[in-house]
Every structure is written in C-alpha cells, then in structure tokens.
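Working notes for the structure below.
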Amino acid sequence: MAATFDLDRPLIVGALYSQTGPTAFVERTQYNATLLAIEEVNAAGGVAGREVVPVTYDAHSDPARFSQLAERMIDEDGASLLVGCYMTNTRQAVVPVVERRGALLAYAAPYEGFEYSPNVIYGGAVPSQHIVMLARHLMGAGGKSFYLVGTRYTFPIECNRVMMTLVAERNGQTLAERYVPLDAQRRELDQIVQDIRAKRPDVVFCTVVGEAATVFYELCAEAGVAAHTTIASLTITEAELGLMPPGLAEGHLTAATYFQSVSSAANWRFVRSYQARFGLQERLNAMAETAYSLTHMVLAAAGRARSVEASLLREDLAATPFQAPQGEIRLDAENGHMHLWPRIARVQANDFRIVEESAAPVKPDPYLINHAPPEWDIRPPAPARAVGV
C-alpha cells in the first residue's frame, strides 16, 4: 500500500530511468529534468515543508528491471510517487506494480494511447496531439505515398496503425510497414533503406527509437533518400540530433509538444536553469520537458492536497493548470491525460525550427474517437529567441 503523508519525514520520489542501454541517452535527460524540478521544489520550501528526496537506479532499458525497481522503490525505499519511464513496454511493466500497491506513476513520455489506469498520470502526447497534426501537414504538402518503419514494440506498431488510417482516409497509400529490434544492426536497417530507395515514397514515417535511429538516418543519407522523400518522425528529438553528425537530419520533420526553440518566458527559464545545472552544451527535448513539468505538477498537487493518494492528486491536477515550458497545461479529469500543445518542427542547422503549432492546448483523445484530422486553430510560430545563461 502507498505510504501516508507524514509531515515529519522526507517525501521519497522514485525516479525510474535508465543510465545505460539503447535509450539511456534520452532517459538521462528525463532524469536530469526530474532532478532539476525536485531541486527547485526543495529550494522553494519542499512539499508542505517536507524535503523531497529522489531515489534512482539504472533500469538498463529493460522492462523487467523497470518492474523490479518500481517494487524496490515502493517496498524498500518508501516511495509512493514514481516519475519516469520512456518506452511503452517499460510503462506497461510498471503499471501493475503501482496498481497493486496503491502508488502513482507519473509517466514522462508521449505514447500511443488506448490505455487508462487510475494510478497513472499520462504526461506526454497521445496520437490526437502529434500524429494527427503531422499527417495533415504531410498530406497537405503533397505526401500521398508513405513508408512506415519503426522499432518492434507497442508504440511504433500502434502509431503506424493510426498513421495508416489517417493516410487512407485522405486517399493516400501505405507502401510498406517494416520493423526492427531495439538493438537493430546496420545490415537489417540497410535492407529497409534500400527498399525505401527502390519504392521512392513521398514520406518515410520513422518511429525507430534508441541508438539505431542515428544509424537509420545515416543510411538514408548515404542512399540519397532525402532527394525524393520527406522523413518525418515522432521520436527524433534534440537528444537524437545530439548523436548525429551536423547536417545529417537537415530538413526532416518531427511532431512533438515541445522543442527547445519554443518562444516563451517559461521555456527560457527552463533552458537557462537546465544548462546552468547540467552544462551549457546540454540540449532539451520533449521527454525532458515532460518529466520536468510533470514532476513539478505532481509535487505541487501533493502539497496542496496534503496527500499522495492517486485519486486526490488527479482531482487537484485537473483543477490547477501549470505554466509549463511548452505552454499552460492541465490534466483532463475524464481520462488522466494532459491538455498539450501540438507542434511540428523542421531540422535546420542541427536544431529544430517550429513550422506549425496549435494556438491553444489540445484536449487529449487517448482512444482517438475522431480519426479525421480536426481543423485546429493553427498559428505561426513565435520568433525564436536565443537562450543562454
């Protein structure tokens, strides 16, 4: 069972991330952002006067280990709040743990939707907040034939299913749907790239995650795929760009709710604080922003509610908006997901330039009841502003 809210003891928060493994380069940014939020909360007086103490271990990008560590954090370390997870299969491994123990997982990444748990706050985008805008943008720019490639697990498979539906509804064509393992080797990726080169699709929709994504982009560049194809992704962020040689992903698109180039006072503060804490060379991404905002939100709710009970935290979060780096967000009381800000950005000079964004936060539709892309209120992106310490 979850611990009670004891004002005389520190509040233990489990930071559930990987420090090694194929997705560690992304999860380290999530962990850093979680730690930064906790430090800011403590500097402001803690949670109802309680110091927040993070506990973390290396989950090795392994779902079974995520589950084991969640049990350890709750049973041995006394954590009732867990923040973290990146890949869907790691979240799915942790959900039964928090449900059995009455704890709460604040899930700090976008995902494929079609899930609900009263013990989970889903902090990242669902298809109605990323794929829908991306499909409309791509097909509006003349994309009719699509080639789908991703890592073989739930998120890419489900996202590709949604993309195929959206493409078909606008009379487009899916030429192929291919998958590779998380630790995909260069040879199997190259086979797919050569098939892409032969089929010459208008769009490659890429949901390859981890270190293999860099190899895939390198092979596409070597094969000259970009000469006739737009590569668009949900999973290529500033973290992935940091692993790539300059110019490798130039011109390619990503849909997300946050990019480091978002022009807002809240984001400038976030970037300055993060870089001051972890290094001026560090770059932010949507996963880190989600972890940062979600940690702040859940801890603030615990302070106001004087409780770590999941139902009370959800009730408070639904009633209390938060000024996140991406814009004002809040929890949807009906489904436990966030109202977020969809955006599309193009890689330019090894950074992201926002080319389209919603003018207001979009209500989450985790079950994608409306398959047709809605006519959102879209605004031109605000002028970029350099951020430094």
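The values are calculated or read from the model by the stated rules, or taken from the named source; none is laboratory data. It should be emphasised that the depicted structure is a prediction, and the values quoted were computed from it without experimental measurement. Cβ placement follows ideal geometry from the backbone for every residue including glycine, while neighbour counts extend to all protein chains displayed. These accessible areas exclude ligands, DNA and RNA; they are computed on the full protein's heavy atoms, side chains included. Shrake-Rupley method; radii C 1.70, N 1.55, O 1.52, S 1.80 Å.
Side notes on the structure shown:
- Tally of residues being open to solvent by 20 Å² or more (accessible area, probe 1.4 Å) and not in a loop (DSSP other than H, G, I, E, B) across region 252-281: 8
- Some residue of region 331-338 being over 20 Å from the mean Cα position of the chain (by Cα) and modelled with pLDDT of 95 or more: no
- A Cβ distance below 9 Å, combined with a sequence gap of six or more or placement on separate chains, defines the contacts here; from region 232-251, residues that are at pLDDT below 95 and part of a loop (DSSP other than H, G, I, E, B) reach residues that are acidic (Asp, Glu) and open to solvent by 20 Å² or more (accessible area, probe 1.4 Å) in the pairs 242/282; 243/211; 244/218; 245/218; 248/218.
- Scan of region 282-330 for residues that are within 21 Å of residue 117 (Cβ to Cβ), acidic (Asp, Glu) and either open to solvent by 40 Å² or more (accessible area, probe 1.4 Å) or at pLDDT below 95 (or both), ordered by number: 309, 315
- All positions within region 297-342 that are aliphatic (A, V, I, L, M) and assigned to a loop (DSSP other than H, G, I, E, B): 308, 333
- Residue within region 77-91 that is part of a loop (DSSP other than H, G, I, E, B), open to solvent by 10 Å² or more (accessible area, probe 1.4 Å), at pLDDT 95 or above and more than 27 Å from residue 208 (Cα to Cα) present: yes
- Qualifying residue in region 340-350 (condition: without any contact (Cβ under 8 Å) to a residue 40 or more places away in the chain and of a type outside the set (Gly, Ala, Ser)): no
- Any chance residue 67 is open to solvent by 10 Å² or more (accessible area, probe 1.4 Å), among the polar types (S, T, N, Q), out of contact with any strand residue (DSSP E or B) (no Cβ under 9 Å at 6 or more places or on another chain) and in a helix (DSSP H, G or I): yes
- Within region 193-230, considering residues that are more than 22 Å from residue 88 (Cβ to Cβ) and among the β-branched types (Val, Ile, Thr), the one most open to solvent (accessible area, probe 1.4 Å): 230
- Residue within region 166-185 that is open to solvent by 20 Å² or more (accessible area, probe 1.4 Å), polar (S, T, N, Q) and either within 15 Å of residue 368 (Cβ to Cβ) or touching a residue at least 40 places away in the same chain (Cβ under 8 Å) (or both) present: no
- Candidates 49, 21, filtered to the one that is surrounded by fewer than 15 Cβ atoms within 10 Å (Cβ to Cβ) and either among the small types (Gly, Ala, Ser) or closer than 23 Å to residue 311 by Cα (or both): 49
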